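S.K.: Before I ask anything, let me first share the structure, which is written out below as C-alpha coordinates.
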Amino acid sequence: MDETNATLLLRGKNIMCRSNIPLRKAMKEKNISVSDHLAVRAGELITDDEMVKTGDLIELIPVISGG
Amino acid sequence: MRCRKCGEKAVINMRQHRLSLCKQHYLEWLPAQIQKSIKKYGMFSKYDRILVAVSGGKDSLALWDILWKLGFNTEGLYINLGIHSEIAYSNRSMKFAQEFADNRNLTLHITDIKKDHGESIPEISIRTRRGRDKPCSLCGLIKRHIMNRFALDGQYNVLATAHNLDDEAAILLANTLDWSLEFLARSTPVLSSKPGFIKKVKPFFRTYEREAAAYAILNRIDYIRDECPFSIDSKQLYYKKYLNEWEETRPGTKLRFYLNYLKAISHGAFPGKQESAVQLAQQRCPQCGQPTNTGGLCAFCKLFNKT
(Lines give C-alpha, C1' and ligand atoms only; values in the text may rest on other atoms or scores of the structure.)
Protein backbone atom coordinates (compact mmCIF):
# COMPACT_ATOMS: atom_id res chain seq x y z
CA MET A 1 0.00 0.00 0.00
CA ASP A 2 3.01 2.33 -0.30
CA GLU A 3 2.32 3.12 -3.93
CA THR A 4 2.55 6.78 -4.80
CA ASN A 5 -0.07 7.21 -7.45
CA ALA A 6 -1.46 10.70 -6.94
CA THR A 7 0.20 14.09 -7.26
CA LEU A 8 0.23 17.17 -5.09
CA LEU A 9 1.25 20.28 -6.99
CA LEU A 10 2.91 22.87 -4.78
CA ARG A 11 4.61 26.03 -6.10
CA GLY A 12 5.14 24.40 -9.51
CA LYS A 13 6.61 21.20 -8.08
CA ASN A 14 5.00 17.77 -8.35
CA ILE A 15 5.00 15.78 -5.13
CA MET A 16 3.91 12.17 -5.46
CA CYS A 17 1.67 10.89 -2.68
CA ARG A 18 -0.45 7.88 -1.78
CA SER A 19 -4.06 7.60 -2.86
CA ASN A 20 -7.07 6.19 -1.01
CA ILE A 21 -6.25 8.23 2.06
CA PRO A 22 -7.71 11.57 3.19
CA LEU A 23 -5.98 14.63 1.80
CA ARG A 24 -5.11 15.75 5.33
CA LYS A 25 -3.16 12.53 5.85
CA ALA A 26 -1.45 12.79 2.46
CA MET A 27 -0.33 16.32 3.27
CA LYS A 28 0.90 15.35 6.72
CA GLU A 29 2.90 12.49 5.25
CA LYS A 30 4.67 15.02 3.06
CA ASN A 31 5.14 17.48 5.95
CA ILE A 32 2.84 20.04 4.35
CA SER A 33 0.86 22.19 6.76
CA VAL A 34 -2.90 21.90 6.32
CA SER A 35 -3.46 25.34 7.86
CA ASP A 36 -1.02 26.98 5.44
CA HIS A 37 -2.66 25.69 2.25
CA LEU A 38 -5.91 25.38 0.34
CA ALA A 39 -6.47 22.49 -2.05
CA VAL A 40 -7.94 22.64 -5.54
CA ARG A 41 -8.93 19.55 -7.56
CA ALA A 42 -10.30 19.86 -11.08
CA GLY A 43 -10.77 23.59 -10.56
CA GLU A 44 -12.81 23.16 -7.36
CA LEU A 45 -11.80 23.94 -3.80
CA ILE A 46 -11.89 20.80 -1.65
CA THR A 47 -11.75 20.18 2.09
CA ASP A 48 -8.96 18.18 3.67
CA ASP A 49 -11.19 15.21 4.56
CA GLU A 50 -11.64 14.42 0.84
CA MET A 51 -10.13 11.12 -0.25
CA VAL A 52 -7.17 11.31 -2.61
CA LYS A 53 -8.03 9.20 -5.66
CA THR A 54 -5.65 7.32 -7.91
CA GLY A 55 -4.41 9.65 -10.63
CA ASP A 56 -5.51 12.80 -8.81
CA LEU A 57 -3.67 16.05 -9.39
CA ILE A 58 -4.34 18.31 -6.42
CA GLU A 59 -2.97 21.82 -6.42
CA LEU A 60 -1.99 23.13 -3.01
CA ILE A 61 -2.20 26.89 -2.80
CA PRO A 62 -0.14 28.56 -0.07
CA VAL A 63 -2.25 31.05 1.84
CA ILE A 64 0.34 32.57 4.14
CA SER A 65 2.19 35.64 2.97
CA GLY A 66 4.52 37.98 4.75
CA GLY A 67 5.48 41.64 4.55
CA MET B 1 -17.86 17.05 4.60
CA ARG B 2 -21.20 18.80 4.13
CA CYS B 3 -22.32 22.43 4.27
CA ARG B 4 -23.93 23.09 7.61
CA LYS B 5 -26.55 25.33 6.01
CA CYS B 6 -27.75 23.27 3.06
CA GLY B 7 -26.09 19.84 3.20
CA GLU B 8 -24.33 20.26 -0.15
CA LYS B 9 -20.68 19.38 -0.50
CA ALA B 10 -18.51 21.77 1.54
CA VAL B 11 -15.60 23.67 -0.03
CA ILE B 12 -14.17 24.98 3.21
CA ASN B 13 -13.98 23.73 6.76
CA MET B 14 -13.30 26.38 9.40
CA ARG B 15 -12.35 24.34 12.43
CA GLN B 16 -12.04 27.47 14.57
CA HIS B 17 -15.75 28.17 13.98
CA ARG B 18 -16.77 24.49 13.79
CA LEU B 19 -18.32 25.45 10.48
CA SER B 20 -18.10 23.94 7.01
CA LEU B 21 -19.81 25.64 4.08
CA CYS B 22 -20.50 25.12 0.39
CA LYS B 23 -19.38 27.69 -2.18
CA GLN B 24 -22.65 29.60 -2.24
CA HIS B 25 -23.00 29.85 1.51
CA TYR B 26 -19.34 30.69 2.06
CA LEU B 27 -19.58 33.57 -0.42
CA GLU B 28 -22.55 34.87 1.55
CA TRP B 29 -21.07 34.17 4.98
CA LEU B 30 -17.75 36.02 4.69
CA PRO B 31 -19.15 39.37 3.45
CA ALA B 32 -21.80 39.19 6.19
CA GLN B 33 -19.04 38.70 8.79
CA ILE B 34 -17.11 41.68 7.40
CA GLN B 35 -20.23 43.84 7.43
CA LYS B 36 -20.82 42.94 11.08
CA SER B 37 -17.24 43.91 12.00
CA ILE B 38 -17.53 47.22 10.12
CA LYS B 39 -20.72 48.07 11.99
CA LYS B 40 -19.66 46.83 15.42
CA TYR B 41 -16.40 48.78 15.36
CA GLY B 42 -17.82 51.89 13.64
CA MET B 43 -15.29 51.62 10.84
CA PHE B 44 -17.20 53.55 8.18
CA SER B 45 -20.60 54.00 6.59
CA LYS B 46 -22.08 54.28 3.10
CA TYR B 47 -21.50 58.05 3.28
CA ASP B 48 -17.72 57.77 3.68
CA ARG B 49 -15.11 57.90 0.94
CA ILE B 50 -12.91 54.89 1.56
CA LEU B 51 -9.40 54.45 0.23
CA VAL B 52 -8.48 50.76 0.03
CA ALA B 53 -4.77 49.91 0.10
CA VAL B 54 -4.30 47.38 -2.69
CA SER B 55 -1.23 45.22 -3.25
CA GLY B 56 -2.48 42.86 -5.96
CA GLY B 57 -2.51 40.04 -3.41
CA LYS B 58 -5.44 37.89 -2.30
CA ASP B 59 -6.27 39.80 0.88
CA SER B 60 -6.53 43.31 -0.52
CA LEU B 61 -8.39 42.24 -3.66
CA ALA B 62 -10.79 40.10 -1.64
CA LEU B 63 -11.42 43.00 0.74
CA TRP B 64 -11.99 45.46 -2.09
CA ASP B 65 -14.37 43.00 -3.78
CA ILE B 66 -16.39 42.57 -0.58
CA LEU B 67 -16.58 46.31 0.14
CA TRP B 68 -17.61 46.96 -3.46
CA LYS B 69 -20.32 44.28 -3.32
CA LEU B 70 -21.56 45.65 0.00
CA GLY B 71 -22.07 48.99 -1.74
CA PHE B 72 -19.39 51.07 -0.06
CA ASN B 73 -17.82 54.05 -1.84
CA THR B 74 -14.29 52.84 -2.47
CA GLU B 75 -11.23 53.73 -4.51
CA GLY B 76 -7.98 51.79 -4.50
CA LEU B 77 -4.37 52.84 -4.02
CA TYR B 78 -1.54 50.72 -5.37
CA ILE B 79 2.07 51.62 -4.50
CA ASN B 80 4.61 50.37 -7.01
CA LEU B 81 7.68 49.58 -4.91
CA GLY B 82 9.93 48.90 -7.89
CA ILE B 83 10.68 45.30 -6.93
CA HIS B 84 11.75 44.05 -10.35
CA SER B 85 13.17 40.67 -9.37
CA GLU B 86 13.22 37.57 -11.58
CA ILE B 87 9.46 37.35 -11.12
CA ALA B 88 8.85 41.07 -11.88
CA TYR B 89 6.98 41.20 -8.59
CA SER B 90 5.85 44.83 -8.55
CA ASN B 91 4.75 45.14 -12.16
CA ARG B 92 2.90 41.83 -12.08
CA SER B 93 1.11 42.62 -8.83
CA MET B 94 0.19 46.05 -10.25
CA LYS B 95 -1.28 44.34 -13.30
CA PHE B 96 -3.49 42.14 -11.11
CA ALA B 97 -4.70 45.19 -9.19
CA GLN B 98 -5.39 47.14 -12.40
CA GLU B 99 -7.27 44.26 -14.03
CA PHE B 100 -9.37 43.79 -10.90
CA ALA B 101 -10.32 47.49 -10.91
CA ASP B 102 -10.98 47.60 -14.66
CA ASN B 103 -13.23 44.54 -14.53
CA ARG B 104 -15.42 46.24 -11.93
CA ASN B 105 -15.14 49.78 -13.27
CA LEU B 106 -13.47 50.89 -10.04
CA THR B 107 -10.90 53.67 -9.66
CA LEU B 108 -7.35 52.58 -8.88
CA HIS B 109 -4.71 55.20 -8.11
CA ILE B 110 -1.12 54.17 -8.71
CA THR B 111 1.95 55.76 -7.21
CA ASP B 112 5.49 54.75 -8.04
CA ILE B 113 8.17 55.38 -5.43
CA LYS B 114 11.02 55.28 -7.95
CA LYS B 115 9.33 57.93 -10.10
CA ASP B 116 8.17 60.05 -7.17
CA HIS B 117 11.16 59.73 -4.85
CA GLY B 118 14.02 58.58 -7.05
CA GLU B 119 14.66 55.15 -5.58
CA SER B 120 12.98 51.77 -5.49
CA ILE B 121 12.75 49.50 -2.44
CA PRO B 122 15.68 47.31 -3.62
CA GLU B 123 17.82 50.42 -4.16
CA ILE B 124 17.02 51.90 -0.75
CA SER B 125 17.56 48.50 0.84
CA ILE B 126 21.07 48.32 -0.54
CA ARG B 127 21.92 51.92 0.38
CA THR B 128 20.65 52.03 3.96
CA ARG B 129 21.58 49.94 6.96
CA ARG B 130 17.94 49.68 8.02
CA GLY B 131 17.09 48.35 4.57
CA ARG B 132 19.85 45.77 4.66
CA ASP B 133 18.80 44.57 8.11
CA LYS B 134 15.02 44.81 7.87
CA PRO B 135 13.71 45.51 4.34
CA CYS B 136 10.13 44.69 5.40
CA SER B 137 10.17 47.28 8.16
CA LEU B 138 11.51 49.88 5.74
CA CYS B 139 8.86 48.96 3.19
CA GLY B 140 6.17 49.27 5.88
CA LEU B 141 7.40 52.73 6.85
CA ILE B 142 7.32 53.90 3.22
CA LYS B 143 3.87 52.46 2.54
CA ARG B 144 2.35 53.90 5.74
CA HIS B 145 3.72 57.36 4.89
CA ILE B 146 2.49 57.33 1.28
CA MET B 147 -0.93 55.91 2.17
CA ASN B 148 -1.47 58.45 4.93
CA ARG B 149 -0.43 61.38 2.75
CA PHE B 150 -2.44 60.21 -0.25
CA ALA B 151 -5.56 59.67 1.85
CA LEU B 152 -5.30 63.10 3.52
CA ASP B 153 -4.53 64.93 0.27
CA GLY B 154 -7.41 63.16 -1.45
CA GLN B 155 -9.78 64.03 1.41
CA TYR B 156 -10.86 60.46 2.00
CA ASN B 157 -12.58 59.74 5.30
CA VAL B 158 -10.85 56.48 6.02
CA LEU B 159 -8.04 54.19 4.88
CA ALA B 160 -8.89 50.48 4.80
CA THR B 161 -6.10 47.92 4.80
CA ALA B 162 -6.51 44.17 4.38
CA HIS B 163 -4.58 43.11 7.46
CA ASN B 164 -6.09 39.75 8.36
CA LEU B 165 -6.20 37.79 11.60
CA ASP B 166 -2.95 35.97 10.81
CA ASP B 167 -1.22 39.33 10.28
CA GLU B 168 -2.62 40.77 13.49
CA ALA B 169 -1.86 37.68 15.58
CA ALA B 170 1.71 37.53 14.24
CA ILE B 171 2.30 41.21 14.98
CA LEU B 172 0.74 40.81 18.41
CA LEU B 173 2.97 37.84 19.16
CA ALA B 174 6.09 39.71 18.01
CA ASN B 175 5.20 42.77 20.08
CA THR B 176 4.40 40.62 23.10
CA LEU B 177 7.71 38.81 22.89
CA ASP B 178 9.45 42.19 22.70
CA TRP B 179 7.11 43.83 25.27
CA SER B 180 6.71 46.77 22.88
CA LEU B 181 4.02 48.50 24.93
CA GLU B 182 3.34 51.35 22.52
CA PHE B 183 2.87 48.99 19.58
CA LEU B 184 0.82 46.65 21.77
CA ALA B 185 -1.52 49.52 22.56
CA ARG B 186 -2.03 50.32 18.88
CA SER B 187 -2.66 46.88 17.33
CA THR B 188 -6.39 47.55 17.22
CA PRO B 189 -8.76 47.22 14.21
CA VAL B 190 -9.52 50.95 14.23
CA LEU B 191 -7.09 53.81 14.68
CA SER B 192 -9.14 56.98 14.83
CA SER B 193 -8.15 60.08 12.89
CA LYS B 194 -5.89 62.61 14.61
CA PRO B 195 -4.33 65.79 13.27
CA GLY B 196 -2.09 64.63 10.42
CA PHE B 197 -3.34 61.04 10.56
CA ILE B 198 -6.14 59.51 8.49
CA LYS B 199 -8.51 57.11 10.25
CA LYS B 200 -7.25 53.56 9.61
CA VAL B 201 -9.38 50.43 9.72
CA LYS B 202 -8.82 46.71 9.24
CA PRO B 203 -12.13 45.07 8.28
CA PHE B 204 -10.42 41.64 7.93
CA PHE B 205 -9.10 41.59 11.51
CA ARG B 206 -11.22 38.51 12.35
CA THR B 207 -10.68 36.84 8.97
CA TYR B 208 -8.19 34.01 8.75
CA GLU B 209 -5.73 34.32 5.88
CA ARG B 210 -6.99 31.04 4.41
CA GLU B 211 -10.56 32.42 4.50
CA ALA B 212 -9.51 35.45 2.45
CA ALA B 213 -7.64 33.18 0.03
CA ALA B 214 -10.67 30.88 -0.28
CA TYR B 215 -12.89 33.88 -1.04
CA ALA B 216 -10.49 35.02 -3.79
CA ILE B 217 -10.24 31.54 -5.32
CA LEU B 218 -13.99 30.89 -5.21
CA ASN B 219 -14.67 34.28 -6.82
CA ARG B 220 -12.01 33.57 -9.45
CA ILE B 221 -10.15 36.73 -8.48
CA ASP B 222 -6.71 36.64 -10.08
CA TYR B 223 -4.04 37.71 -7.64
CA ILE B 224 -0.28 37.49 -7.37
CA ARG B 225 0.55 34.16 -5.77
CA ASP B 226 4.30 34.64 -5.62
CA GLU B 227 5.74 35.77 -2.36
CA CYS B 228 7.50 39.14 -2.27
CA PRO B 229 11.19 38.20 -2.65
CA PHE B 230 12.03 40.43 0.32
CA SER B 231 9.58 38.75 2.68
CA ILE B 232 11.11 35.28 2.41
CA ASP B 233 12.55 34.52 5.86
CA SER B 234 10.77 37.57 7.29
CA LYS B 235 10.02 37.62 11.00
CA GLN B 236 6.29 37.87 10.32
CA LEU B 237 6.27 34.68 8.24
CA TYR B 238 8.23 32.92 10.96
CA TYR B 239 5.62 33.82 13.60
CA LYS B 240 2.75 32.96 11.27
CA LYS B 241 4.09 29.45 10.76
CA TYR B 242 4.39 28.91 14.51
CA LEU B 243 0.87 30.21 15.10
CA ASN B 244 -0.44 27.86 12.43
CA GLU B 245 1.28 24.90 14.07
CA TRP B 246 -0.58 25.73 17.28
CA GLU B 247 -3.76 26.27 15.27
CA GLU B 248 -3.55 22.74 13.85
CA THR B 249 -3.62 21.14 17.26
CA ARG B 250 -5.79 23.77 18.95
CA PRO B 251 -8.17 25.35 16.40
CA GLY B 252 -9.08 28.92 17.27
CA THR B 253 -5.75 29.74 18.95
CA LYS B 254 -5.13 32.78 16.73
CA LEU B 255 -8.67 34.07 17.08
CA ARG B 256 -8.67 33.72 20.88
CA PHE B 257 -5.22 35.32 21.14
CA TYR B 258 -6.31 38.42 19.21
CA LEU B 259 -9.88 38.75 20.52
CA ASN B 260 -8.74 38.38 24.12
CA TYR B 261 -6.14 41.07 23.45
CA LEU B 262 -8.96 43.37 22.25
CA LYS B 263 -10.89 42.50 25.41
CA ALA B 264 -7.86 43.43 27.52
CA ILE B 265 -7.55 46.74 25.65
CA SER B 266 -11.22 47.50 26.26
CA HIS B 267 -10.64 46.78 29.97
CA GLY B 268 -7.88 49.38 30.08
CA ALA B 269 -4.69 47.46 29.31
CA PHE B 270 -1.71 49.65 28.41
CA PRO B 271 -3.32 52.89 29.67
CA GLY B 272 -1.96 56.06 28.11
CA LYS B 273 0.26 54.30 25.63
CA GLN B 274 -1.97 54.81 22.59
CA GLU B 275 -2.26 58.52 23.24
CA SER B 276 1.42 58.99 24.05
CA ALA B 277 2.47 57.77 20.60
CA VAL B 278 0.15 60.29 18.97
CA GLN B 279 1.17 63.12 21.29
CA LEU B 280 4.81 62.49 20.44
CA ALA B 281 3.98 62.96 16.78
CA GLN B 282 2.59 66.47 17.11
CA GLN B 283 5.49 68.14 15.34
CA ARG B 284 5.56 68.48 11.57
CA CYS B 285 8.29 67.44 9.19
CA PRO B 286 9.73 70.62 7.59
CA GLN B 287 10.02 68.85 4.22
CA CYS B 288 6.72 66.99 3.72
CA GLY B 289 4.53 68.41 6.50
CA GLN B 290 3.57 64.98 7.86
CA PRO B 291 3.57 64.35 11.62
CA THR B 292 6.85 63.36 13.21
CA ASN B 293 8.11 62.74 16.72
CA THR B 294 11.67 63.83 16.12
CA GLY B 295 11.36 67.58 15.61
CA GLY B 296 13.39 67.38 12.37
CA LEU B 297 12.80 65.46 9.18
CA CYS B 298 10.35 62.57 9.49
CA ALA B 299 11.67 59.02 9.10
CA PHE B 300 10.41 58.87 5.49
CA CYS B 301 12.15 62.08 4.39
CA LYS B 302 15.33 61.08 6.23
CA LEU B 303 15.33 57.86 4.27
CA PHE B 304 15.30 59.64 0.91
CA ASN B 305 17.60 62.44 2.05
CA LYS B 306 20.99 61.19 0.87
CA THR B 307 23.02 64.22 2.01
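S.K.: Scan the stretch B:64-91 residue by residue and report those that are within 14 Å of chain A (Cβ to nearest Cβ) and part of a helix (DSSP H, G or I). Talk me through it step by step, then tell me what you get.
M.R.: Applying the first criterion (within 14 Å of chain A (Cβ to nearest Cβ)) to the stretch B:64-91 yields B:79, B:81, B:83, B:85-87, B:89-90.
Scanning the stretch B:64-91 gives B:Tyr89, B:Ser90.
S.K.: Just wondering, is there one or more residues in the stretch B:281-292 that are of a type in the set (A, V, I, L, M), at pLDDT below 85, surrounded by 15 or more Cβ atoms within 10 Å (Cβ to Cβ) and under 23 Å from the mean Cα position of the chain (by Cα)?
M.R.: yes
S.K.: Test of understanding: among B:Arg206, B:Arg186, which residue is within 17 Å of the chain's Cα centre (by Cα), modelled with pLDDT under 95 and more than 10 Å from every other protein chain (Cβ to nearest Cβ)? Steps first, answer last, please.
M.R.: Numbers: B:Arg206 fails: modelled with pLDDT under 95.
Testing whether each residue is within 17 Å of the chain's Cα centre (by Cα), modelled with pLDDT under 95 and more than 10 Å from every other protein chain (Cβ to nearest Cβ) leaves just B:Arg186.
S.K.: Another question, then. Check B:Ala214 against each of (1) open to solvent by 30 Å² or more (accessible area, probe 1.4 Å); (2) in a helix (DSSP H, G or I) and name the one condition it does not meet.
M.R.: Going through the list (1) open to solvent by 30 Å² or more (accessible area, probe 1.4 Å); (2) in a helix (DSSP H, G or I), B:Ala214 breaks only (1).
S.K.: Going by what's in this entry, would B:Lys46 be described as within 18 Å of B:Leu106 (Cβ to Cβ) and open to solvent by 40 Å² or more (accessible area, probe 1.4 Å)?
M.R.: Numbers: within 18 Å of B:Leu106 (Cβ to Cβ): yes; open to solvent by 40 Å² or more (accessible area, probe 1.4 Å): yes.
So B:Lys46 passes the test.
S.K.: Which pairs do you get when a residue that is at the interface with another protein chain (Cβ under 7 Å from one of its Cβ atoms), found in the stretch B:229-256, comes within reach of a residue that is acidic (Asp, Glu) and in a helix (DSSP H, G or I), reach meaning Cβ atoms under 6 angstrom, with the pair 6+ apart or on two chains?
M.R.: From the stretch B:229-256, the pairs are B:Lys240/B:Asp166.
S.K.: So, one more: Output the number of residues of the stretch B:91-123 satisfying the condition of being free of Cβ contacts under 8 Å to residues at least 24 places away in the same chain and among the polar types (S, T, N, Q).
M.R.: So the answer is 4.
S.K.: Continuing with the same structure: In the stretch B:164-186, is there at least one residue being surrounded by fewer than 24 Cβ atoms within 10 Å (Cβ to Cβ), part of a loop (DSSP other than H, G, I, E, B) and aliphatic (A, V, I, L, M)?
M.R.: Taking every residue of the stretch B:164-186 in turn, none turns out to be surrounded by fewer than 24 Cβ atoms within 10 Å (Cβ to Cβ), part of a loop (DSSP other than H, G, I, E, B) and aliphatic (A, V, I, L, M).
S.K.: The conditions are (1) open to solvent by less than 80 Å² (accessible area, probe 1.4 Å); (2) not in a helix (DSSP H, G or I), and B:Trp29 fails exactly one of them. Which is it?
M.R.: (2)
The values are calculated or read from the model by the stated rules, or taken from the named source; none is laboratory data. For clarity, every value in this text was computed on a predicted model and none was experimentally measured. Reconstructed Cβ throughout: ideal geometry from the backbone, glycine too, with neighbour counts over all protein chains shown. In case anyone asks, the SASA skips ligands and DNA or RNA and just uses the protein heavy atoms, side chains included. Shrake-Rupley method; radii C 1.70, N 1.55, O 1.52, S 1.80 Å.
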